[in-house]
C-alpha cells in the first residue's frame, strides 16, 4: 500500500506545480 | 459571569495588542532582510546554511520560481513525514515500542502537518514515538508556519515594490522566519510552559498508584472475543477494580510552544490543550491563547510597516478584531446558557461561587465557560485547531461559531501568514467591488487591480468552499462516509461539515465524535487539506507577482482611502457576505436545525 500513498503525494506535488505553471 | 467573560476578552485583546506591535515591527525587519541588532550570531548561522545549501540570498525569484520552490520543499517534507511514521518501530526514541503507523493514517498525518492543518485521526500517546513527535511533527510545525510567513512576505512585497519581477527569495524567507522568529519565540514559550507544569522528558510511560482505587463494571467477553449474554440477552457484567493508572510521558513543552505559535494545533496527547500535561493552569491557558494570535496580529503591523503606511495595517487588524469580538460574544453567551434538557430535569446550571454554570459538558473545570469559549473562538478564528474543550459538546449555536469562523476562510487573524494573505485577497476583492460601484479602476495601495488579479483572487477565495461542500456531499452519499458519524440527524451532518471545513481551511479541530481514522476519511480529508493549502497559495503568489510588476501610483482625490472605518466596514461586509453566500444552506441543515430542535 505504501506505493499508493507515496504515489498520491507525488501526484499532489505534480498537480500543484502544473497549476502554478498554467496560471 | 458575563462580566467576567467580557473582562477576560478585554484583557486578552489588550495584552495581545501590546505584544503584537513590537513583534510586527520585528517581523518587518526579518522580512526586509535587514541586520537585527544583537543577533549577529544568528546571521552567521543563517549564512552558513545558505553556503551549505548553495543558495545565493541576494538573488530574487519570480512568482513561479517562488511557488515551485515552495511546493517542492513542502512535497519533500510530506514524503519525509510519511516515511518516518512508516519506519518508527525500527527507529530510536520509542520507549513504548509503538508499532509502525498504517499507510493511510501516515499519509493523512503527513499531509496534515505539512499543510499547517494538524488534523489528527490518531491518538498521539498511543500512536507516535517520541522521535516521530519531535522530528516529523514538530519539524513540520516550524516549516509549515514558516511557509505561511514566506507567502505573506511575498504578497506584501507585491504591494510595496515598484515595477519588479521579483517577489523575494523563498529559501531566504523560510530560513529567516524559522531562525529569527519561530525558534526564539518557541524556546522562550516552552520554558514558560515548563514553569507552569508542562512536562518535558524522554521517560517511558509511568504506572502510578491511584489515591482512591476505582471499582467499575465492564461487559465480559467469551473465548471468541464476543460479549457474553445472559438468558435474557443482556450483557454479562464483571466487576473490576483499578488500583493503578498509566501516565503518558514525553517531550511535550518543546512541541506545545510551536503548536500554538505556529497556529498548527496538533496536540502531543489526544486531549490536546485540555490535557493537564499540555495546559496545566489558567495562566498557561491565557498565554496559549495569546500565542495563537501573536504572529497573525503582529503581521498586520508588519504589513503596514513594509508598505510604508501603518494605517493600512491598523485597518486590516480592525476588520479582523471586529469579526472576532462579535463571534466570541456569541460563543460566550451560547455556552453560558443552561442546557434545556438538563434544565427540564431540575439540574442546577446557574453560575455561582462553586461552579461555572452553563454547558460544562466536555469542558475542564479549571478553565470553566469563559476560558473554554474564548479558546474555542481563538483557535478557530486563527487556523490553529488546538482545543481546551470538546467542540462537539458545545451548544448548537456555540458550536456553529467555530464552524463559521473556519468557513470565513481563516482570515479573522487566521493562520501564521495565511490569515494576512487571506484577508488581503478579500481586500483586493473589496476594492474591486467598490470600484464597480463608483465606476473607477480599482486600486489598492497604489496598485491597479486588473482582470488577472481578480480572477486569481476569485480562485483563491472559491477553492475552500468547493472542497468543503463537495467533500461533505460526497461523504454523506457513500457508506464509508456515513459509517463514521456518531450522532444521527442534524448533529451527524454537522460532524462531517465541520471535518471538511476544518481540513480545507487548514484548522485541524474536530467535532470529534466522528470516527475519521479510516482509509476513506484519511484520503478525502488529505485531498481537502492539501488543495485547501496549496491551491490557495499558488493564486496568492500569482497576484503577488502580477502586482510587483506594476507601478505604484500616487493617491489622488478620487482614490478610495483603504485605511478608514468605511473601508473596514466594506472589508468586514465582503468577508461575511462571501461566507454567508457559500455556507448558509449547509449551516441550516446542521447547527441551525439542531438549535431549533433543542429549543422547540
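For region B:55-142, just run the numbers: alpha carbon Rg, then divide by 2.2 N^0.38 Å, N being how many residues it has.
So the Cα radius of gyration is 1.25 times the expected 2.2 N^0.38 Å.
Whole angstrom only: what separates the Cα centroid of region B:193-250 from the Cα centroid of chain A?
Each part's Cα centre sits 43 Å from the other's.
Could you tell me the calculated FRET efficiency between residue B:6 and residue B:281, based on Cβ-Cβ distance and R0 = 25 angstrom, to the nearest 0.05?
With a Förster radius of 25 Å, E is 0.70.
What spacing in nm lies between the two simple spin-label points modelled at residue B:556 and residue B:217, each 7 Å away from Cα in the Cβ direction?
Simple spin-label model gives 8.3 nm for this pair.
Can you give me the orientation-averaged projected area of the convex hull built on the Cα atoms of region B:336-428, in nm²? Don't skip to the end; give the middle numbers.
Values: hull surface 26.0 nm².
Here the figure is 6.5 nm², rounded to one decimal.
In what sequence do B:32, B:495 fall when counting other Cβ within 10 Å, fewest first?
Working: B:32 16, B:495 21.
Ranked by crowding around the Cβ, least crowded first: B:32, B:495.
Could you let me know the centre-to-centre spacing of region B:485-519 and region B:323-400, using Cα atoms, in angstrom?
A separation of 19 Å, based on Cα centres.
How far is helix B:63-87 tilted, in degrees, relative to the longest principal axis of the Cα atoms in chain B, given as a value from 0 to 90 rounded to the nearest 10?
Helix B:63-87 and the main axis of chain B meet at about 20 degrees.
What Kirkwood radius, in Å to one decimal, follows from the Cα pairs of region B:272-361?
Hydrodynamic radius (Kirkwood, Cα only) of region B:272-361 equals 16.4 Å.
What's the average, rounded to a whole number, of partner chain beta-carbon atoms within 10 Å of each residue's beta-carbon in B:57-65?
Mean shielding by partner chains, rounded to a whole number: 1.
Once you order the gyration tensor axes a ≥ b ≥ c over the Cα atoms, which shape class does region B:446-547 get: rounded for a/c under 1.5, otherwise prolate or oblate by comparing a/b with b/c?
On the way: a/c = 3.15, a/b = 2.82, b/c = 1.12.
It comes out prolate by the Cα gyration axes.
Using only the alpha carbons, work out the radius of gyration and Dmax of region B:1-129 in angstrom.
Taking only Cα atoms of region B:1-129, I get Rg and Dmax of 21.3, 59 Å.
Between the helical axis of B:565-587 and the dominant principal axis of chain B, each derived from Cα atoms, what acute angle in degrees is found, rounded to the nearest 10?
40
How well do other chains shield peptide A:1-11, expressed as the mean number of their Cβ atoms within 10 Å of each residue Cβ?
Details: counts 7, 6, 1, 5, 16, 7, 0, 8, 12, 3, 1.
Average per residue, whole number: 6.
So if I take the alpha carbon set of the protein assembly as shown, get Rg, then get Rh from the Kirkwood formula, what is the Rg over Rh ratio?
Result: Rg/Rh = 0.97.
Under a point spin-label approximation (7 Å from Cα along Cα-to-Cβ), what is the residue B:597-residue B:342 distance to one decimal in nm?
Here the answer is 2.0 nm between the modelled labels.
So what is the 222 nm mean residue ellipticity for the protein assembly as shown from helices alone, if each DSSP H run of at least 4 adds -39500 (n - 2.57) and you divide by all residues, rounding to the nearest 500 deg cm²/dmol?
The per-residue figure over the protein assembly as shown is -19500 deg cm²/dmol.
Return a whole-number percent for the relative contact order of chain B, with Cα pairs under 8 Å and 6 or more residues apart as the contact set.
Dividing the mean separation by the residue count of chain B yields 19 percent.
Could you please state, rounded to a whole Å, how far the C-alpha centre of region B:583-598 is from the C-alpha centre of region B:75-139?
36
Students often check this: by mean Cβ neighbours within 10 Å, which of B:139-145, B:50-56, B:77-83 ranks highest, and how do the rest follow?
B:139-145, B:77-83, B:50-56
By how many degrees, 0 to 90 and rounded to 10, does the Cα axis of helix B:368-381 deviate from the longest principal axis of chain B?
40
Sorted by mean Cβ packing within 10 Å, highest first, what order do the peptides B:360-369, B:87-96 take?
Values: B:360-369: 18.7, B:87-96: 14.4.
Highest mean packing first, the order is B:360-369, B:87-96.
With the crude spin-label approximation of a point 7 Å out along Cα→Cβ, what separation in nm comes out for residue B:48 versus residue B:466?
Each label point lies 7 Å from its Cα, and together they span 4.6 nm.
Mind listing the Cα extents of chain B along all three principal axes, in Å, largest one first?
Dimensions of chain B along the principal axes of its Cα atoms: 86, 58, 48 Å.
Any read-out appearing in this document is the output of simple, stated calculations on the displayed coordinates, not a laboratory observation. No experiment lies behind these values; they were computed from the predicted model shown. A quick note on method: Cβ atoms are made from the backbone with ideal geometry, for glycine too, and the neighbour counts reach across all protein chains shown.
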